[in-house]
């Protein structure tokens, strides 16, 4: 018999008073309006095996949304509803998925997944898009969902078994053993902590190991077995494993170290980039970085406006408004027309033990007619050609690198990898913040959505905290240049960034409160 659904409300936890001090914050966190208006609502049919049950649904321009409660009742799982419905938590096996009304993202562990449209509230509870079902029940229980629009039916099937290649690379640095499992395609899996080690159990998939080099046991890892539906990692006593994922190609990475020894930053990082102890829900210092400066002018508008001047005005405005809204200290990497190396900017954030690093820039294009805002977080591989070009342009700033460390130099490439590893531990939070900033820019200012992207921006490398780079417009477009020179419009831009950071703070505080006993 399939397990019955458990639908309950979480106890109203006492979040920090500042989160509820003003009504606008509550409205931001718990907005229930859908991103796309529904042009059809009704009752469909859910087919699970030989059973057929009613299923509430809505249709929008972005696709169909279906009620989640009947699915949890027939497929299993536990659905929890947070205070004021600002978030929902779906537990399936050992996986916990966090999502909410009007949010275009789904969180699981340190991973953040973009959704085709935001869930919304219906008469029988929350309604979710089909890709959310794919990322939850599909990933955890190997279910497949087929929607038939004409008959208004949703059929649930078991997915076919796939054979996926997997290979293992190993790196030992400063008392840490890193295991990198690279898959031929993204697998469906769950991770289990067992006595003496860790198991990665495939869900509806089978593994075909591809040997690159033989694994050699060391003082932390006694053995690794990859066979059939699972990967087994046998750990030495006192060893613990922390995992995260990387994309393009999909890799599952385990950092293994002694339980009584914290993970140190990789060799080659400046001393200022050591990871600093902090509580993720507490944002005490925020470092804002006005892009460019000095002889490095950045982009130039058709009327002669310089990126370095406008980013400084935006950063000063953001500092004032953040400190007026939140009990934080905001530090600018430069407060004048100084020339500042890119590496020094993230180092300043590390030295101030910052909890967030926000680098402000303005975009450019040779055509001069592009418009819109883009938000980036760090990756060694750009998400598209446009992102790669943007990173290349920003990385060409003066004093970006020392002598002999240009692109293609082996030392330069090694340092890039080490910088990337330092930021990887904050990847999920960086992506979460970037998504909130982009969402606020799109909704509030009706800017063209150029999306959240990844790129190897040198200014973000080495930041030991969540870090994003925001391109707040195309200075090379005449209309956007004129708007960016308007103090009122710059105020709207900075207010948008403030709202996104407030939402991020509320989200992290809610997660911390949820974890309390």
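Coordinate-derived values only; no laboratory data. Everything numeric here is computed off the predicted structure, so don't read it as measured data. Note that we place each Cβ from the backbone using ideal geometry, even for glycine, and neighbour counts take in every protein chain shown.
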Next on the checklist: What distance in nm separates the two pseudo spin-label positions at residue 339 and residue 114, each 7 Å out from Cα along the beta-carbon direction?
Outcome noted: 3.8
Checklist entry - Using a simple spin-label model with points 7 Å from Cα along the Cα→Cβ vector, what separation in nm is obtained for residue 303 and residue 324? => result 2.4
Item to check | Sorted peptide list for 74-82, 358-366, 210-218, 238-246, criterion being average Cβ within 10 angstrom, highest first | outcome: 358-366, 74-82, 238-246, 210-218
Next on the checklist: Ratio of alpha-carbon Rg to the 2.2 N^0.38 Å globular estimate for the range 57-189, to two decimals, please.
Outcome noted: 1.22
Checklist entry - Quick one: 308, 134, 319, fewest Cβ neighbours within 10 Å first, how do they rank? => result 134, 319, 308
Checklist outcome for this item: For the residue 180, residue 62 Cβ pair and Förster radius 56 Å, calculated FRET efficiency rounded to 0.05 is 0.95
Checklist outcome for this item: Rounded to whole Å, √(5λ) for the Cα gyration tensor eigenvalues of the range 89-156, largest first, gives 20, 16, 11
Checklist entry - What spacing in nm lies between the two simple spin-label points modelled at residue 51 and residue 194, each 7 Å away from Cα in the Cβ direction? => result 3.1
Next on the checklist: Need the C-alpha centroid separation for the range 310-337 versus the range 124-194, integer Å.
Outcome noted: 41
Next on the checklist: Could you tell me what a quarter of the Cα convex hull surface of the range 162-258 works out to, in nm² with one decimal place?
Outcome noted: 5.7
Checklist entry - Among 335, 205, 50, 296, what is the fewest-to-most ranking by other Cβ atoms within 10 Å? => result 50, 335, 296, 205
Checklist entry - Listing 357, 457 from the residue with the fewest other Cβ atoms within 10 Å to the one with the most, what is the order? => result 457, 357
